[in-house]
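**Student:** Next up is a structure, given as structure tokens.
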Amino acid sequence: MSLTLAKVHHHRHSNNQSELAILSEPKSGEARLSSPRGLPLLGNILQMDKALHMTFSKWAKIYGPVVQAHLATTRIAIISDHVILRKIFAQTEYSGRPDFHSDMTSTPAEIAEMKKLYGKSAYGLSPTEGKIWEELRRFTLRQLRDFGFGKQSMEELIMVEVAELIEHLKRFEVGRKPVTDLKEMSILAVANSLRVIVAGKRYRHDDPELLNFTRTAEKALQDLLENAGLLFFVPWLGKSFPRLTGYAKLKERGLEFLDSFQKPVKEHLETYSPENIRDFIDAYIKEMKTVTDPDSPFYGKRGEKNLEAIFGDFYIGGTDTTTSMIVWMVFILSKFSEYQEQFQNEIKSVTGNNRACQLSDKSSMPFTEALTAETFRFATVSPFGLQHRTTSDQELNGFLIRKDTLIFPNYYFMHHDPAIWGDPETFRPSRFLDKERKTFVKNPALIAFGTGRRVCIGESFARDSIFLFVTNLFQRFSIAIDKNGPDNGFATETGFALVPKPFHILLKDRLE
């Protein structure tokens with residue numbers, strides 16, 4: 001499928017080349033995408049920074065909006081133009097997923113069964129594609145709506161966590177002690193509200209079971225992200241030399257991460273009653289016990305493994321990204337007192353500071369919406385999202401993209417392209433307001449939750465959580481950076497989501 005775009009792109013940022021640069025040698029008369037030169041077998045892997053998004057952004061400036069590269073034996077295409085990305089991600093042919101090494105958490109028999117039925121061995125929502133993904137996604141969306149997504153009941157659940165977090169933070173304000181672990185506090189609060197919908201049980205934020213759950217999941221996830229690297233692109237290397245390459249440790253961490261979600265699933269299986277559907281897990285189990293088609297993703301042990309994986313998807317997509325945005329907004333507003341004051345004035349104008357902020361207030365708060373959008377842009381907590389895969393050969397911009405090419409959306413570059421934003425390194429919420437600064441104005445170049453067929457299903461939960469946590473925190477407190485704490489500027493920690501390096505804050509109660 002061809003897009004109506006120029007075959008050769010004159011890129012605005014190139015100093016040395018006015019057209020697509022360093023084209024691969026065409027075969028059989030086919031034009032090839034621009035790419036940086038690589039080495040045999042290794043491809044471009046030695047040219048990669050640890051912060052992958054910075055390498056991709058550098059290549060976008062040199063080679064253009066669509067760049068082909070090779071990470072070892074894996075062919076990738078990096079898309080740095082939001083118009084192109086929106087068009088191709090709406091197409092089925094660009095909606096596949098790469099192999100996410102399910103051999104780390106599945107038996108050979110399970111892998112063989114899944115490959116026979118669906119062509120690949122993944123479980124859950126994020127790594128699957130085709131029929132299995134469509135069935136699981138359709139069911140999940142329906143059940144999440146039934147259990148509160150986008151409804152007042154969801155707001156009420158989130159506000160319970162907001163209230164407990166504020167009460168906890170008030171202890172620091174009274175003693176004038178700096179808050180040093182805002183990220184963990186936020187993770188506990190956000191994960192708790194999501195667990196109520198998924199697993200039907202709420203904990204106090206200091207409950208040992210909740211603490212153990214989040215810490216185990218976070219540690220396993222961080223180790224997975226830090227150590228996967230080369231093994232993701234050269235899987236045979238890890239399987240051939242498991243201890244030397246760290247693959248054995250990586251597999252251990254994968255099982256630890258999965259184990260965090262197996263326990264509540266097993267507890268639900270043991271206590272399930274069809275007359276009392278308590279939450280999402282029960283609704284899923286009901287589907288498992290109802291289905292008779294042996295090829296169904298809900299059938300038998302396969303259904304149980306898909307449920308465990310979906311729970312993990314919820315945690316990564318719903319908790320980690322949402323928490324990162326809350327941390328970023330607190331960090332930025334603590335640094336820019338003028339924006340914090342403007343934010344608090346808008347909150348007061350809507351609530352009078354005699355009631356909590358509600359989701360229904362959002363439409364009357366254009367600066368708050370602009371502030372949130374600018375934080376999404378400036379921080380880009382998910383700099384290239386989750387990779388897609390072409391399921392067949394595709395023609396893009398007049399060039400060939402082969403089947404099984406991994407597609408990396410270069411969100412970070414899209415959100416920091418001077419040609420679009422003018423001064424992308426400046427944090428400036430007014431770029432999302434009209435000239436009178438009274439109306440919020442969207443920009444299509446901002447893509448916060450993905451786009452197309454695989455747009456994030458947790459977007460409403462994330463947006464609602466971010467709004468309710470941040471507005472109510474700043475209604476209650478004035479927050480400033482603790483100058484006696486670490487000063488890392490705007491440097492980030494690289495993980496599943498980009499977050500500021502450690503910082504400490506001081507609180508002052510505004511309502512007492």
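**Student:** Could you list Asp423, Asp282, Asp207 in order of exposure, starting from the residue whose Cβ has the fewest other Cβ atoms within 10 Å?
**Tutor:** Values: Asp423 9, Asp282 21, Asp207 13.
The order, fewest Cβ neighbours first, is Asp423, Asp207, Asp282.
**Student:** Explain nothing, just the number: relative contact order of the chain, from Cα pairs under 8 Å at least 6 residues apart, as a whole percent.
**Tutor:** 22
**Student:** Along each principal axis of its Cα atoms, how long is the stretch 276-431 end to end? Whole angstroms, biggest number first, please.
**Tutor:** 60, 55, 23
**Student:** Same structure again: If I take R0 = 41 Å and measure r between the Cβ atoms of Ala90 and Ala356 in this structure, what FRET efficiency does the formula 1/(1 + (r/R0)^6) give, to the nearest 0.05?
**Tutor:** FRET efficiency, Ala90 to Ala356: 0.60.
**Student:** Can I ask one more? Arranged by the count of other C-beta atoms within 10 angstrom, fewest first, what order do Leu52, Leu396 take?
**Tutor:** Least to most surrounded, the residues fall as Leu52, Leu396.
**Student:** I want the local charge near Thr319. Using Cβ-Cβ distances under 12 Å, sum +1 for each Lys or Arg and -1 for each Asp or Glu among the other residues. Before the final figure, lay out the partial values.
**Tutor:** Values: positive: Lys183, Arg195; negative: Glu161, Glu184, Glu218, Asp313, Asp320.
So the environment of Thr319 carries a net charge of -3.
**Student:** Okay, next question. Using the 10 angstrom Cβ neighbour count as an exposure proxy, how do Cys456, Cys357 rank, fewest first?
**Tutor:** On the way: Cys456 19, Cys357 24.
Ascending number of Cβ neighbours within 10 Å: Cys456, Cys357.
**Student:** Still on this structure: Mind listing which trypsin sites (Lys or Arg not before Pro) in the stretch 322-368 are in a DSSP loop and have 14 or fewer other Cβ atoms within 10 Å?
**Tutor:** Within the stretch 322-368, the qualifying trypsin sites (Lys or Arg not before Pro) (loop, at most 14 other Cβ atoms within 10 Å) are Arg355.
**Student:** First select every other residue whose beta carbon is under 13 angstrom from the beta carbon of Gly458; then total the charges, Lys and Arg +1, Asp and Glu -1.
**Tutor:** 0
**Student:** Still on this structure, please answer the following. Work out from phi, with θ = phi - 60° and the Karplus expression 6.51 cos²θ - 1.76 cosθ + 1.60, the ³J(HN,Hα) of each residue of the stretch 349-361, listed in order in whole Hz, and give x for Gly and Pro.
**Tutor:** My calculation for the stretch 349-361 gives 5, 8, 9, x, 6, 10, 8, 6, 5, 10, 4, 5, 7 Hz in order.
**Student:** While we're on this one: If I take R0 = 22 Å and measure r between the Cβ atoms of Asp393 and Val455 in this structure, what FRET efficiency does the formula 1/(1 + (r/R0)^6) give, to the nearest 0.05?
**Tutor:** 0.30
**Student:** For the chain, just list the percent of Cα-Cα distances falling in each 10 Å bin from zero outward, please.
**Tutor:** Once binned at 10 Å, the Cα pair distances of the chain give 3, 18, 28, 27, 18, 6, 1, 0.
**Student:** Relative to the present Cα-Cα distance, how much length would full extension add between Asp207 and Thr292 at 0.36 nm per residue of separation?
**Tutor:** 26.6 nm
**Student:** With a cut-off of 8 Å between alpha carbons and a minimum separation of six or more residues, what is the relative contact order of the stretch 230-325 in percent? Could the numbers behind the result be given before it?
**Tutor:** Numbers: 50 pairs, mean separation 17.9, N = 96.
Across the stretch 230-325, relative contact order equals 19 percent.
Only the coordinates and a few stated rules stand behind these numbers; no lab work does. Note that the structure is a prediction, hence the values are computed from the model and not measured. Don't worry about glycine lacking a Cβ; one is built from the backbone with ideal geometry, like all the others, and counts go over all protein chains shown.
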